[in-house]
Structures are given as structure tokens and as C-alpha cells.
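Here's the structure, in C-alpha cells; my notes come after.
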Amino acid sequence: MERTKDAKKRVRTATWLSVIPGIGQFYNKQTFKGIAFLVVFALFIYEMIVFGFAAFTGMVTLGLTPGEDHSLFLLIEGSLQLLLTVIFFLFYAINIYDARKVAIQIVEEKKINKTAKDILKNVYHNGFPYLFTIPAYLVMIFAIIFPVLVTIFISFTNYDFYHIPPASLIDWVGFENFINMFFLSSYRDTFIAVLGWTIIWTLGATSLQIAIGIFTAVVLNQKFIKFKRLFGIIFLLPWAVPAFITIMSFSNMFNDSLGAINSQVIPFINSLVPFIDLGALPWKTNPFFTKIAIILVQGWLGFPYIYVLVSGILQSIPEEQYESAKIDGAGPIQRFRHITLPTILMIAAPVFITQYTFNLNNFNMIYLFNEGGPGSIGAGAGSTDILISWIFKLTTGTSPQYSIAAAVTLFISIFVITIALIVFKKTKAFEMED
Amino acid sequence: MSNLFRSQKSSRFFTKFFTYAFLLLLSVIILYPLLITASSAFKAGNISAFDLSFDATWTLDNFRRLFTETLYGEWYINTLVIAFVTMIVQVILITLAGYTFSRYRFIGRKKSLMFFLLVQMIPTTATLVAFYVMALLLGALDQSWFLMFLYIGGGIPMNTWLMKGYFDTIPYDLDESAKLDGAGHFRIFAQIVLPMAKPMIAVQALWAFMTPFGEYMLAKFLLRSPENYTVAIGLHTFISNPQEQKVALFSAGAILIAIPISILFFMLQKNFVSGLTAGGTKG
């Protein structure tokens, strides 16, 4: 009884002492670790005094004198400091956890690593996974996480072409950009129009490429076909040739006055099929025809990937399944619906989902085909712009609207993550093994 | 599968007829744009649009003009440098991380994997404004190292997942027995597991290599002076305005990219499907 009381006290003391990192470790007689932790703590305090506090206050005010304070740099420094502080608090939590864990081990009379050599050896063995993942994490933090953080902050400011530092200051404006986007002003109409087309585009183009891909795979999988390899190679070409090249080629081909579609393909169809007499179509100048063209071209570009994937799956379906279904009197369409399609969907669903998210942000197809045009629907967007290409135009145009662009970026990210999480939960495609 | 369309003998002819009709039509639809683009590269004179006519004068002059009159050579080298660096660094990072997530059980592993999965969904190119501000602060506008860094970082979450999925399919018995023989962390990784992951590493390397060739948005935004362009931005200047009649130059430039990349693609094509399905569906 006495001992457990003592033990509890010891664990509690170690935990409390480590409120100042390192002290708890000294108490546990791990001098080397204690010094290391104390040094990290001291460095952070030093950094806070020299740089950190100023960075945080700079972030709150975003500068006071125009021409002297650079709001953007203050924002970035503040975000960096925030990231550093979060990492420090992670370390802080680990420090307390460590002091407590070691104290428990002492009480239970287990062996404790006290010498520097033992501790380094232990760090190498248990730390090996961290050693291998830290490089990936570091690059990811600065190439993705940090930019996302900065984007979040910018979406709450008024950073636009009226407020370009260092000549003028940027200010926090709260939810103004989001309110503009959803409820007020000309932005709402543009936003709704662009969002609507983004959704139609994503569903239309992706479903088309999936449909062509599955259909082609099923057709080519029949046994009697000759030159199967040749067809297989041809059908892979749209995937093998870099997409930006073919999109630019199509862009030229669909040109209203000069392009091959109007000058060659349509006359050819007219001559081939009786009773049809199509004129030249306004592919690049009429929004409706541009949209049709973009979706068709994406079908052309995207189907090979699905076709390859589905061909692989088809070969894994055992022949007996079809034989027995046939004996039960199932026709070809029924066999496709009840055997082929479910198998394909079960295996390939996650890949299909990534295709939808890919097209949602398929900047190249929209921008390289007709630069989001034709025409304008206000707020810098063209009639075939999707959210991502609108962001590009908001950021690069002659009168940039950085903060609105940041708000739209946040909207897409939250939108995609929400949908993906729902779908993943439903399909259970990404369930962990342990 | 042969039975899928062959329900009765009488309909067998129609099945065959429509099958071949479909296959031929699809082949034509695929080959037509590629052929008219490729053939324009060898046509003399200033062309403003592709077409399928064979009465032109054939020449190799467009390739000479490409390297003497335009900056194409520099764009190509820029792109190759960016592509190689991106490929090497990214493949190293994702192989290490993917291996660790597959083989080690450590505190924070599951949370990390969830984190990677979430981050992977963020459209990284959309944080353009932040990249712009960062580039301003770092003096990195018009610098290709910043672009490389973004390419490398942007591919990490998704590709780490795919790598991990592939490592999961490599049996554990080998590394277990090596461990019993006293092999260290590095030896097991480098000499036993790594060689078995070669097909997936090849696929990942090709993808990482191809990204800088096709990526337009970030490159267009960050690279400001024409001599720093990548091929995608450079070629777009040839074709964005048909009136300039540089379409033949575009075709010549496009061929010099499409042929090597397509060859690499077909060489590695067999590895694609197994890598995709293994990585995509296994947790």
C-alpha cells in the first residue's frame, strides 16, 4: 500500500516537473536527455523573445505605416511562427509524456537508459521510422501545409490590386470575402455560375471517360478479335502522348474558321451520311459548343486509363461465372449487369473517384483549350471557366483579386475533402488494415 | 467473356460487325488528331491550322527553325533539368516514407496515413496566391528551383500512399528472416525489399518525370521571362494565336516531346495496372 502511494507520487512529481522541459528527465536521472530537452526549450524561448513575439504582433496588426511595413511579409512571418509554435507544443507534449512514462518504468523497476550512448542507440532503433519519414514531411509541410495556412489567412484579408504592399497596407476584414462570394455583390452570380459549370463539367467529362473506357474494354475483351494487340496500342495513345500537347492540338482543330473539325471532319460526315447537312459550328465562340467540345475532348483523353484498368479486371473474372449464369438463362446484358459491372465497380471505385477529383481541378483542359472563354461572365471569369481556372485568372489578371481567389481555394478544398470523406466512408475503400 | 455478346448463332455476325465497326471508328478518332498534328511538323510554309492533306511540300526545315529562331532548345533543357530533379528527389522521399509506413508500426503512423490521405485531396495548385507571396518573400519568382520544390512536395502525399500500397504486397517473410540473420534496418531496406519494388519505383519515376512536362498553371505563373519557360508554356505561345502561323513549329516541338515520352510510357506500361490497383484499393 505504502509503495503504490510512493510510486504514484513519484510519477506525479516527474510529470509536473517536466512543465519545464528537461527537469522531469533530471528527476528521472536521465541527465543527457534532460539537457537535450532543456536546450530545445531554451532555444524556443530565445527565439520567441528575439523574433516570435514581434512576428505574432506583426501578424495581428499587419503593419502600421504604409511604405514601411510590408503586410505580406508580416503575414508570412506570423504564419511561420505559428507553424513553429505548433511544432514546439508537439515537442512539449512529448516531453511530458516521456517524463511520465519513464517515471512509471522506474517505479515498475524496469531498466532505464541513462547514459548518452544508450539513449542514442534507443533513439536510432525506435526513431528509425521517423528518420525515414521526416524528409517527406518537411517538404510536404513547406510545399503544401504552409501554403494552405497562408491561403487561409489571406482569405480573411483585403489583399487585392488596391492594396499592394509595400505601397499600401493590407487589413483583416473578417468574413467579408466569403460573404461577398455567397450572398452579396457581383461575385455571387459569377461564383454560382462557375460552380455550376464546374460540377456539370466534372460529372459529364468523368462519366463519359469512364463509360467509353469500360465499353472499350468489354468490346476488346471478346475472344474472336484479330489484331487485338494493335488495337490495344492505338487505344493507349491518348494516354501515352502528353495531354497538354493533344489539348493544344484540339484547340487548333476546333478553331471556328480555320480548324480541321469545321473544314474537314464536318464536310466528311456530310458526304458520308445521307440526309445530314451540318454547317460549320461555333466551337470556340459559343459557350454551349465550347462546353460540348471540352467534354468530348476529355473523354478522348481520359478513357485509356479506365480502359487499361478495366481490361485487367475483366481478365480476372473466372469464365465459370459466365457459364453458370448462361445456364440460368441470363442474356448478355444481364450478365454484364450482374457479373461484369459489379466486379469492375468493386475494384476500380477508388480510381474512379480520383478521376472525378482530377477533373474537378483539370486546369489544363479548360485553360489550354479556350482559356476559359468565350466571353466573360463577370468578375474575371470566362463562360467555360471552372473554379481552378477562375482562381488562376483572379490571381494573374490585370486587376488581381488575391483575397477572393484565396477564399475560392478554401471553398474547393473543403468541398473536395467533404465529398471524398463521405464517399470513402461509404465505399470503405481506404479502410486501414490495423 | 467470349459469351458476353454471343448469345445466339444468328446474332454472331452482327456482333462481329458492330465490334469491328466500333474498334475501327475509335481507332480513326484517336489517330486522326495525332496524325494531322504530327504531319504538320513536316510541311513547308507558314501553316495556321492542322489538316489532313498530303499535297504539301515535305521538309525538315521546321526543326531547324525551332532551334535557331525560337527558344525551344532552352525550354527543353529547362524542362529536362526540372523533370530530373523532381523525379530523383521525389522518388527518394516517397520510397523512404512508403516503406516506413508499410513495414514499421510506430506511434503516429495511423494518424500520419490519414493526414496524407486528407492532404492529398487538397488541390495544391489552387493555393497559387500563397505560392506567389512565398515567392515574393524568397525572391523566387522566375526561379526554377521553387517550381521543382512545389512539384516535389505536391506529389508526396498521393504517391507515398501508392508506394505504401505496393510495399504492402511484398511478402514480409523475407525481411523477417533477414532480421533473424542480423541484418540492420538499412540492409533490409536496401538489399531485400527495395529490389522487389522496382516496378512501382519505375512507374513513380516516370510520373514524377512527366509532371513538369505537362504542368502549365504553376509554371506559367511563376516563370516570367521567356528563356526560363518550360516546354508547355513555350509551345503554347506558338499555338495560342493561329493567325501567327507558327503551327508547324508547334508540331515539330510537340513531336520531340511526345516520341521519347511515349516510348518510356510503353516500356513501363505493364507495371501500371498492378501498381494502380494494388496501391489504390489496399489500405
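The numbers here are math on the coordinates, done by the rules we state, and not lab data. Remember, predicted model here, so these are calculated numbers, not experimental data. Backbone-built Cβ (ideal geometry, glycine too); neighbour counts: all protein chains shown.
Name the single residue that is nearest to the chain's Cα centre (by Cα) among those in the range B:233-247 being assigned to a loop (DSSP other than H, G, I, E, B) and more than 17 Å from B:ALA41 (Cβ to Cβ).
B:SER240
Would you be able to say whether some residue in the range A:270-290 is crowded, with 20+ Cβ neighbours inside 10 Å and without any contact (Cβ under 8 Å) to a residue 60 or more places away in the chain?
Yes, the range A:270-290 has at least one match.
So which of A:MET59, A:MET48 ends up being aliphatic (A, V, I, L, M), touching an Asp or Glu at 6+ places or on another chain (Cβ under 9 Å), over 27 Å from B:LEU113 (Cα atoms) and crowded, with 16+ Cβ neighbours inside 10 Å?
Within the list A:MET59, A:MET48, the selection yields A:MET59.
Could you say which residue among B:ALA56, B:ALA21, B:ALA83 is under 28 Å from A:PHE227 (Cβ atoms) and either hydrophobic (A, V, I, L, M, F, W, C) or within 14 Å of chain A (Cβ to nearest Cβ) (or both)?
Residue meeting the stated conditions: B:ALA21.
Against the conditions (1) in a loop (DSSP other than H, G, I, E, B); (2) free of Cβ contacts under 8 Å to residues at least 12 places away in the same chain, where does B:LYS110 fall short? Just the number, please.
Of (1) in a loop (DSSP other than H, G, I, E, B); (2) free of Cβ contacts under 8 Å to residues at least 12 places away in the same chain, only one is false for B:LYS110: (1).
Mind telling me which of the residues A:LEU421, A:LEU394 ends up being free of Cβ contacts under 8 Å to residues at least 24 places away in the same chain, surrounded by fewer than 18 Cβ atoms within 10 Å (Cβ to Cβ), within 11 Å of chain B (Cβ to nearest Cβ) and not hydroxyl-bearing (Ser, Thr, Tyr)?
A:LEU421
What residue, among those in the range A:85-104 that are in contact (Cβ under 8 Å) with a residue 40 or more places away in the chain and of a type in the set (A, V, I, L, M, F, W, C), is farthest from A:ALA167 (Cα to Cα)?
A:ILE104
Tell me the residue from B:VAL129, B:VAL89 that is surrounded by 22 or more Cβ atoms within 10 Å (Cβ to Cβ) and either of a type outside the set (Phe, Trp, Tyr) or part of a helix (DSSP H, G or I) (or both), please.
Every option except B:VAL129 fails the conditions.
Checking the condition on the phi < 0 side of the Ramachandran plot and more than 9 Å from chain A (Cβ to nearest Cβ), which residue from B:ALA178, B:ALA130 passes?
Criteria check complete, one pass: B:ALA178.
Tell me which residues, restricted to the range B:53-86, are among the polar types (S, T, N, Q) and not in a helix (DSSP H, G or I).
Hits for the range B:53-86 are B:SER53, B:THR57, B:THR59, B:THR70.
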